[in-house]
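Q: Once you've had a glance at the structure underneath, I'll fire off some questions.
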């Protein structure tokens, strides 16, 4: 029997904002697949959500293991036949990152490989399934740090946050949003970059202004956009962001 529930995949969903996005999506009645690099951690996170009565599954999704992405797509297709929502949440930081004069090129490469190349790879792997949805939605978890305008604006609160690898990876992710949105123009697929804000997670060393519950709200909103959805935007809680 075909699935009647909408099907969502959230990458990096075993903890932090990814886990909370999965929770909030599942609370709306969506069946959510928790993608996690560590299969055991993903299964444990899914078990915890299922204990609350939520419809969830887990699946190994390693953005740096591209063959695993094809395997994951085949598993989703075999069980569900399609994918309605993809939330590209998985990402990393690196202690050796920093301003351009001192950032480790190796660290920048590691960050770019996961945050941009890995996200591109998982998106490509899932696109055939998203094309089978009546209204596919892709949400890229970006950051104000990926805004060239804010990086160049001395009045921006993010002006002094010079992380060559991380900022560049989010700027590249925004380019994926822009180009894919244009490529998919005229189809039911909608893709947007969403900056959740400065959220207290492991990624930020639990610094920040927002709880994971607050930080997940905007990505969830864009994952659930209706028929009047606009594609190709870069948004944060205060409104549209400058690229």
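The values are calculated or read from the model by the stated rules, or taken from the named source; none is laboratory data. Only a predicted model underlies this, so the values are computations on that prediction, with no experimental measurement involved. Heads up, the Cβs are rebuilt from the backbone with ideal geometry, glycines too, and the neighbour counts pull from every protein chain shown.
Q: Can you give me the ranges of the strands (runs of 3 or more DSSP E) entirely in segment 1-101 with at least 3 residues that are over 24 Å from residue 192 (Cβ atoms)?
A: Answer list for segment 1-101: 56-60.
Q: Determine the pairs where a residue that is under 16 Å from residue 12 (Cα atoms), located within segment 64-83, has a partner that is assigned to a loop (DSSP other than H, G, I, E, B) and at pLDDT 95 or above with Cβ atoms under 6 Å apart, the partner being 6 or more residues away or on another chain.
A: Matching pairs, first to second residue: 68/62; 72/61.
Q: Considering only residues of segment 142-188 that are touching a residue at least 60 places away in the same chain (Cβ under 8 Å) and assigned to a loop (DSSP other than H, G, I, E, B), which is surrounded by the most Cβ atoms within 10 Å (Cβ to Cβ)?
A: Only one residue fits best here, namely 142.
Q: Just one of (1) at pLDDT 95 or above; (2) within 17 Å of the chain's Cα centre (by Cα) trips up residue 75, so point out which.
A: Unmet for residue 75, out of (1) at pLDDT 95 or above; (2) within 17 Å of the chain's Cα centre (by Cα): (2).
Q: Follow-up question, since we're still on this one. With 42, 29, 18, 53 as the choices, which residue is without any contact (Cβ under 8 Å) to a residue 40 or more places away in the chain and closer than 19 Å to residue 88 by Cβ?
A: 42
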